[in-house]
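Data first, discussion second: the structure below is written as structure tokens.
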Amino acid sequence: MRRATLAALCALGLVDGAFPSTARAQADLASWFQRLLVARYAAMARGDTAALRSQLADDLVWVIGANGAEVTKAPLLAAAARPQVPVPRFQVDSVRAQRIGDVAIVEYRRADRREVGRLEVTFWTRALEVFVWRRGQWWLERHTQAWLVTPVTPIALDSAALQAFVGRYKIAPDYVDDVHWEGTQLVATASAQATGAILVPVSTNAFSPDSVGALMVFERDATGRVLGYVQGYPDGRVVRAARIP
């Protein structure tokens, strides 16, 4: 094989000896960043802003997963300095890292665990971060994260109880949600949608579409007749849909 051709194949990872070294390099980089992330979140949990500051670029942008707001370095450090009660415990796993010149792209999954009385509450997010190599170290330039939805725990409702919710609900003019039976399950299908969402009961009047969707809470009058539903979305929108007689 000609030397130029061999070099090209090695660069593409198509020669046996080339790909394992690339894989090892990425694994080593991911392992290094996992240690960095664990140290950072430990610093955040104990309010150690000096340790946290040593990882953050001056032009950092930190996007908050819950509302999409952008926070810069100074406000993030100020927030980290305030004691958190209860103190969170962070877990980082599934770290993947790729280096492109002086830039590293790192993604990982994070668990935030907090104890409230005897209850432990855990939130999962997936994060993507961009680091830049300057002055002999990696500096965090940008952090974004998205919440990972945990499927709900359903309750059992008999068909007679579920039948009360069957009907058509007006979300907006010419936009209707049709709650109907498909086999033994309640399904909500909105106008122009080919496939509906299975309504999974979580209480006598509340349902989670497909077990992960925005919660739908049905409203009743004094006699128990279903009047409509209210649905809140992660972006803050609240939709009210009145039942069509």
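The values are calculated or read from the model by the stated rules, or taken from the named source; none is laboratory data. Everything quoted here is computed from the prediction, not taken from an experiment. With ideal geometry, Cβ positions are generated from the backbone for all residues, glycine too; neighbour counts draw on all protein chains shown. With ligands, DNA and RNA removed, areas are computed over all heavy atoms of the protein, side chains included. Shrake-Rupley method; radii C 1.70, N 1.55, O 1.52, S 1.80 Å.
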Select from segment 26-79 the residues that are in contact (Cβ under 8 Å) with a residue 60 or more places away in the chain and among the hydroxyl-bearing types (Ser, Thr, Tyr) and write down the one among them that is nearest to residue 148 (Cα to Cα).
41
For residues that are in a strand (DSSP E or B) and open to solvent by 10 Å² or more (accessible area, probe 1.4 Å), tally how many sit in segment 100-111.
6
Would you check which residues across segment 162-182 are modelled with pLDDT under 95 and more than 30 Å from the chain's Cα centre (by Cα) and list them?
173, 174
Those residues of segment 175-204 which are open to solvent by 40 Å² or more (accessible area, probe 1.4 Å), polar (S, T, N, Q) and either touching a Lys or Arg at 6+ places or on another chain (Cβ under 7 Å) or not in a loop (DSSP other than H, G, I, E, B) (or both), in sequence order:
185
Any hit, segment 55-63, residues being within 24 Å of residue 30 (Cα to Cα), at pLDDT below 95, charged (D, E, K, R) and open to solvent by 30 Å² or more (accessible area, probe 1.4 Å)
no
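Residues 137, 91, 145: which one is free of Cβ contacts under 8 Å to residues at least 12 places away in the same chain and either under 21 Å from residue 42 (Cβ atoms) or aliphatic (A, V, I, L, M) (or both)?
Being free of Cβ contacts under 8 Å to residues at least 12 places away in the same chain and either under 21 Å from residue 42 (Cβ atoms) or aliphatic (A, V, I, L, M) (or both) holds for just one of 137, 91, 145, which is 137.
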Take the residues in segment 139-151 that are at pLDDT below 95 and either under 15 Å from residue 205 (Cα atoms) or not aliphatic (A, V, I, L, M) (or both), then tell me which one is farthest from the chain's Cα centre (by Cα).
151
Scanning segment 49-81 for residues that are over 24 Å from the mean Cα position of the chain (by Cα) and basic (Lys, Arg) gives 53
